[in-house]
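Report on the following structure.
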């Protein structure tokens, strides 16, 4: 099940960087932050962010999100 979440998020990230930023209503900066967080989740199992757009992306992909100070921890 978790593999499906990873593969779906990876596919969306690839689409974003192929020119579909408007389709997903994210800026280039947000896409870069999402990619950075995605890589950190793959390598370390979790990541932290203070950006609402990043949290929203991973929330839509059904990742686990918990409050962490002024931001959020995101994990599978």
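We did not get these values from a lab; they are worked out from the coordinates using the rules stated. Bear in mind the structure is a predicted one, so any value in this text is a computation, not a measurement. Methodologically, a virtual Cβ is constructed for each residue, glycine included, from the backbone with ideal geometry; neighbour enumeration extends over all protein chains shown.
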message = For segment 1-37, which positions are more than 16 Å from residue 75 (Cα to Cα), in contact with a helix residue (DSSP H, G or I) (Cβ under 8 Å, 6 or more places away or on another chain) and either exposed (fewer than 15 other Cβ atoms within 10 Å of the Cβ) or in contact (Cβ under 8 Å) with a residue 12 or more places away in the chain (or both)?
response = 12, 13, 15, 16, 17, 23, 24, 26, 27, 28, 30, 31
request  = Within segment 40-76, count every residue that is free of Cβ contacts under 8 Å to residues at least 12 places away in the same chain and over 11 Å from the mean Cα position of the chain (by Cα).
outcome  = 5
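Against the definition (farther than 16 Å from residue 71 by Cα and in a helix (DSSP H, G or I)), how does residue 30 come out, yes or no?
Answer is no for this residue.
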request  = Please work out if residue 54 is in contact with a helix residue (DSSP H, G or I) (Cβ under 8 Å, 6 or more places away or on another chain) and assigned to a loop (DSSP other than H, G, I, E, B).
outcome  = no
Matching residues, segment 38-47, being outside any loop (DSSP other than H, G, I, E, B) and surrounded by fewer than 15 Cβ atoms within 10 Å (Cβ to Cβ) = 39, 42, 43, 44
